[in-house]
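What follows is one structure encoded as structure tokens, with my remarks underneath.
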Amino acid sequence: MSLLDDVAERDGWRCWVCDEPVDPDMSVNDPRGPSVDSRTADRKAKVAERLAHRGCNTRKGAVQVVIPWPEHLYVIEPAPLATVAERLERKGGREMVGRCPTKQDAQDAAEWLVDRFSRLVPGMPVTAGVEAGGGQFLLIVATGRR
């Protein structure tokens, strides 16, 4: 269990897929129990193992994981965050990840994005900005070149 404990402590006992807390006392055979997810499909990943709920890990299998956007955020055409994270981690730069009808909606989403990316890709400094354009507000996520 030392690998599980080490990974869980590093990740703060939060599932990297659903971003919900993982109960350290839950059985590893329970869907809400802890498991170590190996990102073997992405050989360039800086973090090879991540903490996930057993159910989240099983559901994603060997396919690209879908990181859900919270329902309380009003974002039009939200980008798939796992794909954005991989691209930014590999190339750096900036990406437009969604559109919002109001500036406040965009600011709320930008704050959530910075917080979520801090756990999705630990160690990668990310900023999120809001740019007005075409009667809407664009969400931009950026990081330095890696």
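Compared with the dominant Cα axis of the chain, that is its longest principal axis, helix 81-91 is turned about 80°.
With axes computed from alpha carbons, what is the tilt in degrees of helix 103-120 against the longest principal axis of the chain, rounded to the nearest 10 within 0 to 90? It works out to around 30 degrees.
For a modelled paramagnetic label at GLU131, 7 Å from Cα along Cα-to-Cβ, the residues of the range 98-116 in reach, with backbone nitrogen under 12 Å, are 98. Potential lengthening of the chain between ASP25 and ARG59 amounts to 10.1 nm, from the contour at 0.36 nm per residue minus the alpha-carbon distance. With a simple spin-label model that places each label point 7 Å from the Cα along the Cα-to-Cβ direction, the separation between ARG90 and GLN104 comes to 3.9 nm. Counted over the chain with a bin width of 10 Å, the fraction of Cα pairs per bin, in whole percents, is 11, 39, 32, 15, 2, 0.
Read-outs: derived from the displayed coordinates by stated rules, not from any lab. What you see is a predicted model; the values in this text were computed from it and never measured. Glycine also receives a Cβ, built like all others from the backbone with ideal geometry; neighbour counts cover every protein chain displayed.
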